[in-house]
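There's a structure below that I have some questions on.
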Amino acid sequence: MESWQALPQVALARPGALASRFAALGPRDLRAAARYVNALPYGRSFSRENPALVLDEGRGTCSSKHTLLALLAHEQGIAVELMLGIYEMREANTPGVGRVLERYGIPALPEGHCYLRYAGKRIDITRVVTGARAPIEPFLYEETIRPEQVAEYKVELHRRFMRDWLARNPLAGNPNFERVWAIREECIAALSE
């Protein structure tokens, strides 16, 4: 995975709502916008359907931050893809989730992760500051998605993938899917702390 620095330093020259929002905040090119979004803390926005809330609320997740940047790139005619990958989340590659997983005796759980692809490179602006000791690769699953798929579609695909994964990888104590999904939610909450 590359950082925000792998995005092109293309001026936000086309008129658009997002270009105007970023210009008011200071960034005048795509790379600067990505650097700005990268510096915002991790945290869920009020609504998955409105990625501009990242700017309003000053925080975002991999989904909301990357969707916002993908929409900005599309607005500017820059060929950036929004990607969805699923990997096995553990403390080494997602610092902060280890104590939750350990409490339940679970070594890893499948996690959906959004990022960008530009010029054949995977670009992740959310993991640069996490202090991860290990990459999240290899991905167990990966696809290009449209920005409007980041809410409902991403969650549905993730839940379906986790059900299949649990059928192939039974956990100690055989917790049911809903219990495992709740543990996953605890992991995500731990990332915001």
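Values in this text are rule-based calculations from the coordinates and carry no lab data. If you're wondering where the values come from, they're calculated on a predicted model, not measured in any experiment. Please note: Cβ atoms are built from the backbone with ideal geometry, for glycine as well, and neighbour counts cover all protein chains shown.
Could you give each residue of the stretch 16-30 its phi-based ³J(HN,Hα) in whole Hz, using Karplus coefficients 6.51, -1.76, 1.60 with θ = phi - 60°, and x for Gly or Pro?
Working through the residues one at a time gives x, 4, 6, 4, 5, 4, 5, 4, 5, 8, x, x, 10, 9, 4 Hz.
Specify which residue in the list A189, G77, L140 is farthest towards the positive end of the charge dipole of the chain, using unit charges on the beta carbon of Lys, Arg (+1) and Asp, Glu (-1), about the Cα centre.
G77
Now, a different point. Near the amide H of I123, under 5 Å away, which other amide H atoms are found, from residues 5 or more places off or on another chain, if H is placed in the peptide plane?
E2, L116, R117, Y118
With a point put 7 Å past each Cα toward its Cβ, work out how far N50 is from E142 in nm, to one decimal.
3.4 nm
For a quick check: with amide H placed at 1.01 Å from N, whose amide H comes under 5 Å from L12's, ignoring anything fewer than 5 positions away on the same chain?
D29, L30
Each label point is 7 Å from the Cα along the Cα-to-Cβ direction; what then is the distance between the points at R31 and E186, in nm?
4.3 nm
Here's something else I'd like to know. Under a plain spin-label model, where a point goes 7 Å from the Cα along Cα-to-Cβ, how far apart in nm are E178 and A39?
So the label points at E178 and A39 sit 4.5 nm apart.
Karplus couplings for the stretch 68-79 from phi (6.51 cos²θ - 1.76 cosθ + 1.60, θ = phi - 60°), rounded to Hz, Gly and Pro as x?
Using θ = phi - 60°, the values come out as 4, 5, 5, 5, 4, 4, 4, 4, 8, x, 9, 6 Hz.
What does the charge count near A39 come to, summing +1 for each Lys or Arg and -1 for each Asp or Glu among other residues with Cβ under 12 Å from its Cβ? Please report the intermediate quantities before stating the final value.
Working: positive: R35, R59, K65; negative: none.
With Lys, Arg at +1 and Asp, Glu at -1, the net is +3.
Tabulate in residue order the Karplus-calculated ³J(HN,Hα) for the stretch 160-177, using 6.51 cos²θ - 1.76 cosθ + 1.60 with θ = phi - 60°, rounded to whole Hz; enter x for Gly and Pro.
4, 4, 5, 4, 5, 5, 5, 5, 8, 10, x, 9, 4, x, 6, x, 6, 4
Using helices alone, I'd like the mean residue ellipticity at 222 nm for the chain: each DSSP H run of four-plus residues gives -39500 (n - 2.57), total over residue count, nearest 500.
Numbers: 7 runs with 77 residues, N = 193.
Value at 222 nm, helices only: -12000 deg cm²/dmol.
Next question. How do 53-64, 170-181 rank on mean C-beta neighbours within 10 Å, highest first? It would help to have the intermediate numbers written out before the result.
Numbers: 53-64: 19.9, 170-181: 12.1.
Going from most to least packed, we get 53-64, 170-181.
Name the residues whose placed amide hydrogens come within less than 5 Å of the amide hydrogen of Y141, ignoring near sequence neighbours (fewer than 5 apart) on the same chain.
Amide H neighbours of Y141: I86.
Expressed as a whole number of Å, what is the distance separating the alpha-carbon centroids of the stretch 152-193 and the stretch 64-127?
16 Å
What does the charge count near P107 come to, summing +1 for each Lys or Arg and -1 for each Asp or Glu among other residues with Cβ under 11 Å from its Cβ? Numbers along the way, then the final one.
Details: positive: R90; negative: E88, E91, E102.
Counting the neighbours of P107, the net charge comes to -2.
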